[in-house]
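Report on one structure; see the data block that follows.
The values are calculated or read from the model by the stated rules, or taken from the named source; none is laboratory data. Remember, it's a predicted structure, so these values are computed and weren't measured experimentally. Backbone-built Cβ (ideal geometry, glycine too); neighbour counts: all protein chains shown. Only protein heavy atoms, including side chains, enter the accessible area calculation; ligands, DNA and RNA are left aside. Shrake-Rupley method; radii C 1.70, N 1.55, O 1.52, S 1.80 Å.
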Amino acid sequence: MAIEITARKREAQGTGASRRLRTAGKVPGIVYGGDQGPLNIELDHKDLFIKLKNERFHASILTLDLAGTKQQVLLRAVNMHPFKLQVQHVDFQRVAKDKKIHVKVPLHFVNAEKSPGVKEQGGVVSHVLNELDVVCLPDDLPEFIEVDLGNLAVGHSLHVRSLALPGGVELSLHKNENPVVATVIVPVLITEEEEAAAAAVVAPSEIPTTEQAAPPKEGETPAEGEKAVAKAAPKAAEKPEKAEKAEKAEKAEKKDKK
């Protein structure tokens with residue numbers, strides 16, 4: 001069943017006019033392609049925002065109702081506000097039944113839990129691609145392409161050219177291009193990396209510490225305690241000097257006796 005969306009022709013143009021439309025709960029847009037020229041349109045923001053949450057809306061032939069005239073279109077671009085949940089602008093392309101279209105179709109992964117890599121070898125599936133570029137006629141456009149992971153083992157990958165495509169659907173790839181769609185990896189590889197990173201962290205016992213002044217004695221204020229430490233420091237430094245002088249005097253006395 002085709003998804004239908006209603007639009008109106010947009011008369012006012014420019015940045016100011018588009019800003020006023022958004023303030024009024026509308027979305028400026030454009031429809032182009034086919035045998036007609038580009039046409040500026042406006043849509044209801046709430047209705048459009050709800051439809052954008054549907055995966056089919058992004059990869060299906062849509063019916064655009066424009067002032068009672070219905071035409072087949074594809075959603076080509078959506079511009080969102082940088083931080084608000086607000087659609088800023090939307091683009092649609094007209095399609096003809098006898099002309100092939102180039103479109104991205106979502107991938108649906110199945111049987112991952114039954115694959116030898118997951119069920120028997122304890123691996124996890126890593127999805128490399130989530131959508132695929134295809135070329136087909138509008139009537140042959142699938143809502144999604146199913147990816148069967150039932151035979152995937154650890155260390156093995158599934159490539160694009162190995163996928164079973166619906167009838168009339170062709171891959172949009174260069175001659176020797178064959179990208180990976182999914183692979184199965186072992187979680188322990190991730191764990192070893194984490195352990196190596198943890199081992200590189202310096203242990204607390206290896207971190208140098210600074211010597212702190214002794215706490216003030218009973219009856220002393222913190223300032224007095226600090227003064228006592230400051231006085232004790234020179235005295236401690238004097239002790240090696242006194243010992244050195246006594247040693248020199250003792251040596252001189254031995255020489256005299258000789």
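Tabulated results
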quantity: Filtered residue count, the range 23-59, keeping only those that are more than 15 Å from Val73 (Cβ to Cβ), over 30 Å from the mean Cα position of the chain (by Cα) and hydrophobic (A, V, I, L, M, F, W, C); calculated: 1
quantity: In the range 132-149, the residues that are part of a loop (DSSP other than H, G, I, E, B) and either open to solvent by less than 50 Å² (accessible area, probe 1.4 Å) or touching a helix residue (DSSP H, G or I) at 6+ places or on another chain (Cβ under 8 Å) (or both); calculated: Leu141, Pro142, Glu143, Phe144, Leu149
quantity: Set Gly167, Gly117, Gly122: member being at positive phi and either out of contact with any Cys (no Cβ under 6 Å at 6 or more places or on another chain) or exposed (fewer than 15 other Cβ atoms within 10 Å of the Cβ) (or both); calculated: Gly122
quantity: Single condition Gln86 does not satisfy, out of (1) closer than 23 Å to Val105 by Cα; (2) under 25 Å from the mean Cα position of the chain (by Cα); calculated: (1)
quantity: Ala196 more than 30 Å from Glu120 (Cα to Cα), open to solvent by less than 100 Å² (accessible area, probe 1.4 Å) and modelled with pLDDT under 90; calculated: no
quantity: Restricting the range 61-72 to residues that are open to solvent by less than 80 Å² (accessible area, probe 1.4 Å) and outside any strand (DSSP E or B), the residue that is nearest to Ile101 (Cα to Cα); calculated: Ile61
quantity: Residue check for His174: out of contact with any strand residue (DSSP E or B) (no Cβ under 8 Å at 6 or more places or on another chain), over 30 Å from Arg10 (Cα atoms) and without any contact (Cβ under 8 Å) to a residue 40 or more places away in the chain; calculated: yes
quantity: Among the residues listed as Phe109, Phe49, Phe92, the single one being open to solvent by 40 Å² or more (accessible area, probe 1.4 Å) and outside any helix (DSSP H, G or I); calculated: Phe109
quantity: One residue from Leu75, Leu129, Leu43 being of a type in the set (A, V, I, L, M, F, W, C), touching a helix residue (DSSP H, G or I) at 6+ places or on another chain (Cβ under 8 Å), outside any loop (DSSP other than H, G, I, E, B) and modelled with pLDDT of 95 or more; calculated: Leu75
quantity: Criterion violated by Ala153 - all others in (1) at pLDDT 95 or above; (2) open to solvent by less than 30 Å² (accessible area, probe 1.4 Å) satisfied; calculated: (1)
quantity: Cβ pairs under 7 Å, 6+ apart, first in the range 114-132 and more than 19 Å from Glu146 (Cα to Cα), second among the acidic types (Asp, Glu) and open to solvent by 60 Å² or more (accessible area, probe 1.4 Å); calculated: Lys119/Glu113
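This table checks each residue for (1) under 30 Å from Gln36 (Cα atoms); (2) out of contact with any Phe, Trp or Tyr (no Cβ under 7 Å at 6 or more places or on another chain); (3) assigned to a strand (DSSP E or B).
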| position | (1), (2), (3) |
| --- | --- |
| Pro82 | no, yes, no |
| Ala96 | yes, yes, no |
| Gly122 | no, yes, no |
| Asn151 | no, yes, no |
| Leu158 | no, yes, yes |
| Arg161 | no, yes, no |
| Glu177 | no, yes, no |
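Okay, residues lined up against (1) in a strand (DSSP E or B); (2) open to solvent by less than 40 Å² (accessible area, probe 1.4 Å):
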site: Thr6; (1), (2): yes, no
site: Leu21; (1), (2): no, yes
site: Gly29; (1), (2): yes, yes
site: Gln36; (1), (2): no, no
